[in-house]
Amino acid sequence: MPSMQPEELDDLYEFAIQLGKDAGRMLLEAAEKRWSGDGMINDYGEGEGGKEHVQKMNSVDLVTKTDEDVERFVKNQILTKYPSHEFIGEESYAKGGSKEYLIKDGPTWCVDPLDGTVNYIHLFPLYCVSIAFLLNGTPIIGIINAPFLSQLFTARSNHGAYLTTATSRHRLPLIRNPIPPLPPNAPTGCIFACEWGKDRRDRPDGNMQRKVETFLDMAAEVGGRGGRGGMVHGIRSLGSATMDLAYTALGSVDVWWEGGCWEWDVAAGICILQEAGGLITHGTPPEDFENAKIESVDLGSRLYLGIRPAGPSADESAREIQERTVREVWRRVRGLDYKRP
């Protein structure tokens, strides 16, 4: 299996951090042009230069010139410095038409130049660039930069995860020390994050309907919904699965459940969450969910369940608490159908 020396990984990590900063600066500069009126672009994405964004699958699956410009910049920087590495970016992948899982064992970069494109178009601040470096198919470096918020999330395998802001740097999770356990009756008392997704087909038992059923089960009073009521503190849809993962690593989100993501949406976030002490596993509950082994998720599965870092309680280890929470979430969520074509 391919391997690298620690010194090589040190250089890769520093390069990835700087690349994330530079790409984030590009995102922020592009947004500043929009709100300053440069180019006369209106709220519907129309300007002197024509459409600022175009549809891919439907009216919530969009790509902007900024997506493409940032991806081109990141790809050029990577392949200039590391010409033997593989590069997988959302926009170049989408244009190829294939949905094959392309990540192999060799050194690979997996990049989403702008996650939260709809947020960016509306100047809603939760958008970011996501950069992951993988070896043997595993994300070992993760960089997420949300430039509008001045939040840079970074992680390297076995070296921890960090949040750097304009004024400070903190190790993740950014919650009380010692890290508190999850609520004893989780998901009751938790913040639950999930996106509406791009599959908006209004059909019985489709993905959108299954998500709505899950939202109701999670939100309903304990004992409601045929015993599935989770009584979570709140449900959050941030408009970016990458930011959902970052905030789960931060400790602000307790449970993240999602289907339909591609590997560039999650690769960096998975590295950051795991390095912070969180757990990431399969989003669709197995048939025997009470006894099934809880394993790390396959990056290409498109179905994910993340649990925030947790401390131990008097009776359970941190991992036992996380696994118990996974099973209670599995008890309440609907299986989603997001197979690779």
(request) Could you give me the residue pairs with C-beta distances under 6 Å whose first residue belongs to the stretch 1-25 and is more than 18 Å from F87 (Cα to Cα), whose second residue is at pLDDT 95 or above wherever it lies, and which are 6+ apart or on separate chains? (result) M1/N136; G24/V129; G24/N145; G24/P147
(request) Considering only the stretch 207-253, state which residues are touching a strand residue (DSSP E or B) at 6+ places or on another chain (Cβ under 6 Å), buried (at least 16 other Cβ atoms within 10 Å of the Cβ) and assigned to a loop (DSSP other than H, G, I, E, B). (result) V232, S240, V253
(request) Read through the list (1) touching a residue at least 12 places away in the same chain (Cβ under 8 Å); (2) surrounded by fewer than 16 Cβ atoms within 10 Å (Cβ to Cβ), then give the number of the only condition that P204 fails. (result) (1)
(request) Could you pull out the residue among W196, W256 that is closer than 30 Å to I103 by Cα, touching a Lys or Arg at 6+ places or on another chain (Cβ under 9 Å), in a strand (DSSP E or B) and touching a residue at least 40 places away in the same chain (Cβ under 8 Å)? (result) W256
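So that you can scan it fast, the table gives a plain yes or no per residue for (1) β-branched (V, I, T); (2) in contact (Cβ under 8 Å) with a residue 24 or more places away in the chain; (3) touching a helix residue (DSSP H, G or I) at 6+ places or on another chain (Cβ under 9 Å):
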| residue | (1), (2), (3) |
| --- | --- |
| R302 | no, yes, yes |
| L305 | no, yes, yes |
| R324 | no, yes, no |
| V333 | yes, yes, yes |
| L336 | no, yes, yes |
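Confirm whether V232 is modelled with pLDDT of 95 or more, β-branched (V, I, T) and under 14 Å from the mean Cα position of the chain (by Cα).
Values: modelled with pLDDT of 95 or more: yes; β-branched (V, I, T): yes; under 14 Å from the mean Cα position of the chain (by Cα): no.
When the stated conditions are applied, V232 does not pass them.
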(message) Checking I270 against (1) closer than 23 Å to M208 by Cα; (2) outside any strand (DSSP E or B); (3) within 10 Å of the chain's Cα centre (by Cα): exactly one of these is not met. Which one?
(response) (1)
(message) Could you go through the stretch 90-106 and let me know if any residue there is in contact with a helix residue (DSSP H, G or I) (Cβ under 7 Å, 6 or more places away or on another chain), surrounded by 18 or more Cβ atoms within 10 Å (Cβ to Cβ) and outside any loop (DSSP other than H, G, I, E, B).
(response) yes
(message) Being in contact with a Leu (Cβ under 7 Å, 6 or more places away or on another chain), under 22 Å from Q274 (Cα atoms), surrounded by 16 or more Cβ atoms within 10 Å (Cβ to Cβ) and modelled with pLDDT of 95 or more: is that true of F133 here?
(response) yes
(message) Please go through the stretch 289-329 and give me each residue that is at pLDDT 95 or above and either in the same structural domain as P139 (by TED's automatic domain parsing) or β-branched (V, I, T) (or both), ordered by number.
(response) I294, I307, I321, T325, V326, V329
(request) Would you be able to say whether some residue in the stretch 276-287 is crowded, with 18+ Cβ neighbours inside 10 Å, of a type in the set (S, T, N, Q) and in contact with a Gly (Cβ under 6 Å, 6 or more places away or on another chain)? (result) yes
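The values are calculated or read from the model by the stated rules, or taken from the named source; none is laboratory data. The structure presented is a predicted model; accordingly, all values stated were derived computationally and were not measured. Cβ atoms come from the backbone with ideal geometry, glycine included; neighbour counts cover every protein chain shown.
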